[in-house]
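Contents: one structure, followed by commentary.
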Amino acid sequence: MELPTKVLIGEGAISKLGEFLADSSANKRVVVSSGSNVTSMVRRAVDSALKEEPVWVRVEAADMENVNRVMQAASTSGRIVGVGGGKSVDVGQLAAFKLHLPFYSVPTSASHDGISSPFASLKGLDRPYSVMAKPPVGILADLEVIASAPRRLLASGCGDLVSKLTAVKDWQLAHKVTGEYYGNYSASLALMSAEVVLKRSKMLGTFGKESVRELVEALISTGVAAGIAGSSRPCSGSEHLFSHYLDILAPDAGLHGEKCGIGTIMMSKLHGLDWRLVRSALKNVGAPVQASQIGVEDSKVIESLVKASSIRPDRYTILSRKKLNKRSATFLAKSTGVI
Ligand SMILES: [Zn+2]
């Protein structure tokens, strides 16, 4: 198991970044991989929290070219800090993994569980899903910064959280059918995070300080669950395959967590779970429950449902068992109100 060793969550936590990174065994050089949406206020806060000015690398896209840019800036010593929403954390994480350097995650939004997971999602690889790297050594989450991110991002984070419900069901199914390893502890941990949304969606949807903290803690826990399981199984099942297929058909439509949330509604129905509860929880937090809300055409939803399992044949899920065709996929999407 590889897990983060330090987690700091709090208002104004960024001002403690210097102490957070303090580690006598490491070189002082700090390379920050940051996204284009990182505000100048956050940038100033990072600069003033560190004794020596860090090297900033602006990540334009989550691809190998940007990973190489961060690697060049970091050379073979120092630490890499990923400051941003998604891309910059993934790129920094993979660069650190390749250079065997410690990686620190400083999320500026809470739109998905990549802020703590041992995986990185990159474009241009041979597969459309995440690659195994190492979890961050430390995660520093400034609640003031995260709470000021657009609500759509926070709602998307709730979508990624709720998806653990069907991910765990798929894992249990795979264990039964194929004999694949199943870890009850990591599965329970991931389920607990899904329940934060299912049971407390009204409170969560206010996105006040308390709810943002709960959202961030739950997202970090799901990354830890993946670290304990040694795979993304507790966090990613049929609903993620659906989301990944939509990424191919409609690359610019919707956020990762939004697509996973919509996928969870439909996969819950396939599993015989209370899909209406999933739908109403997503509605309560302001996450989309219909494909049209994220600008995806009905035909793309249906095609994704039919073909999703083909992008990762080794991952047994409810889609491997039910093998949807155009007709049954249309019925599923219509009966759950997704199209
Ligand atoms: Zn996810």
Can you list residue pairs whose Cβ atoms sit under 8 Å apart, with the first residue in the range 311-337 being closer than 16 Å to Leu246 by Cα and the second being part of a loop (DSSP other than H, G, I, E, B) and of a type outside the set (Lys, Arg)? Count only pairs 6 or more apart in sequence or on different chains. Ile311/Pro128; Ile311/Tyr129; Arg312/Tyr129; Thr330/Ile339; Ala333/Ile339
When you scan the range 196-212, how many residues do you find that are of a type outside the set (Phe, Trp, Tyr) and not in a helix (DSSP H, G or I)? 3
So which strands (runs of 3 or more DSSP E) are wholly in the range 48-124 and hold at least 2 residues that are more than 17 Å from Ile139 (Cβ to Cβ) and of a type outside the set (Ser, Thr, Tyr)? 55-59
Qualifying residue in the range 237-251 (condition: on the phi > 0 side of the Ramachandran plot, part of a loop (DSSP other than H, G, I, E, B) and surrounded by 19 or more Cβ atoms within 10 Å (Cβ to Cβ)): no
When you scan the range 285-306, do you find a residue that is more than 21 Å from the chain's Cα centre (by Cα), among the aliphatic types (A, V, I, L, M) and surrounded by fewer than 18 Cβ atoms within 10 Å (Cβ to Cβ), even just one? no
Among the candidates Thr206, Thr178, single out the residue that is free of Cβ contacts under 8 Å to residues at least 24 places away in the same chain, of a type in the set (Val, Ile, Thr) and away from the ligand (no atom under 16 Å from the Cβ). Thr206
Assuming Pro234 fulfils every condition listed in (1) under 18 Å from Asp314 (Cβ atoms); (2) more than 12 Å from the ligand (Cβ to nearest atom) apart from one, which condition is it? (2)
Within the range 267-289, which residues are closer than 27 Å to Gly179 by Cβ, assigned to a helix (DSSP H, G or I) and more than 15 Å from the ligand (Cβ to nearest atom)? Ser268, Lys269, Leu270, His271
Quick check on Glu195: is it of a type in the set (Asp, Glu), touching a helix residue (DSSP H, G or I) at 6+ places or on another chain (Cβ under 9 Å) and over 18 Å from Glu239 (Cα atoms)? no
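Conditions (1) closer than 26 Å to Lys283 by Cβ; (2) touching a strand residue (DSSP E or B) at 6+ places or on another chain (Cβ under 8 Å), marked per residue:
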site: Gly138; (1), (2): no, yes
site: Ala147; (1), (2): yes, no
site: Pro150; (1), (2): yes, no
site: Asn184; (1), (2): no, no
site: Ser193; (1), (2): yes, no
site: Ala218; (1), (2): yes, no
Residue that is within 16 Å of the ligand (Cβ to nearest atom) and either surrounded by fewer than 24 Cβ atoms within 10 Å (Cβ to Cβ) or of a type in the set (A, V, I, L, M) (or both), where the choices are Gly263, Gly227: Gly227
Scanning the range 83-108 for residues that are of a type in the set (Gly, Ala, Ser) and within 14 Å of the ligand (Cβ to nearest atom), which turns out surrounded by the most Cβ atoms within 10 Å (Cβ to Cβ)? Gly85
Selected residue (only one of Val131, Val145, Val162 is β-branched (Val, Ile, Thr), within 13 Å of the ligand (Cβ to nearest atom) and over 23 Å from Arg29 (Cβ atoms)): Val162
Restricting the search to the range 40-62, which residues are more than 18 Å from Gly78 (Cα to Cα) and free of Cβ contacts under 8 Å to residues at least 12 places away in the same chain? Ser40, Met41, Arg44
Residue by residue through the range 136-189, note down the ones that are surrounded by fewer than 23 Cβ atoms within 10 Å (Cβ to Cβ) and within 15 Å of the chain's Cα centre (by Cα). Arg152, Leu153
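No lab work stands behind these numbers, since they all come straight from the coordinates. The structure displayed is predicted, hence computed values, not measured ones. Here the Cβ is made from the backbone with ideal geometry for all residues, glycine too, and neighbour counts use every protein chain on show.
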